[in-house]
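Since the structure comes first, as structure tokens, the remarks are kept for the end.
The values are calculated or read from the model by the stated rules, or taken from the named source; none is laboratory data. Just so it is clear, the structure is predicted and the values come from calculations on it, not from any experiment. Cβ atoms come from the backbone with ideal geometry, glycine included; neighbour counts cover every protein chain shown. Note: accessible area is taken over every heavy atom of the protein model, side chains too, but ligands, DNA and RNA are not part of it. Shrake-Rupley method; radii C 1.70, N 1.55, O 1.52, S 1.80 Å.
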Amino acid sequence: MAKKEAAALTLKPLDDRVVVQPLEAEEKTSGGILLPDTAKQKPQQGKVIAVGLGKREKAERVPLDVKEGDTILFGKYSGQDIKLDGQEYLIMREDEVLAVLDSK
């Protein structure tokens, strides 16, 4: 099943949706300059926390290409922001995921 504990709450996204925990934005530039919170860009990478069962096509489910634990890239304005027990998450459709980062 596509269930994941998130601070005592069970998140189960529907259909082709994924729950993503955004990775923290960089606090320093490549030149070593510290950025204040107002200058930080919204993160565009995250870790997949939970995935739905897949999109329905002609009474069958098409499984998702992403899986729990994947690190993904997504568009700057993708998904819906939610906050559960002090943690920030994004819920987005799989087609908003741009790429899966290979950890090798």
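What the table below lists for this structure:
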{"quantity": "Protein-only accessible surface order, largest first, of LYS83, LYS76, LYS58, LYS47 at 1.4 Å", "calculated": "LYS58, LYS83, LYS47, LYS76"}
{"quantity": "Net charge, SER78 excluded, C-beta distance under 9 Å - Lys, Arg +1, Asp, Glu -1", "calculated": "+1"}
{"quantity": "Inter-site label distance for LEU23 and GLN80 at 7 Å from Cα along Cβ, in nm", "calculated": "2.6 nm"}
{"quantity": "Per-residue HN-Hα couplings for the range 54-64 [Karplus 6.51, -1.76, 1.60; θ = phi - 60°; Hz; x = Gly/Pro]", "calculated": "x, 6, 8, 9, 6, 6, 10, 8, 9, x, 7"}
{"quantity": "Accessible-area order (highest first, 1.4 angstrom probe) of the listed residues ASP16, ASP65, ASP85", "calculated": "ASP65, ASP85, ASP16"}
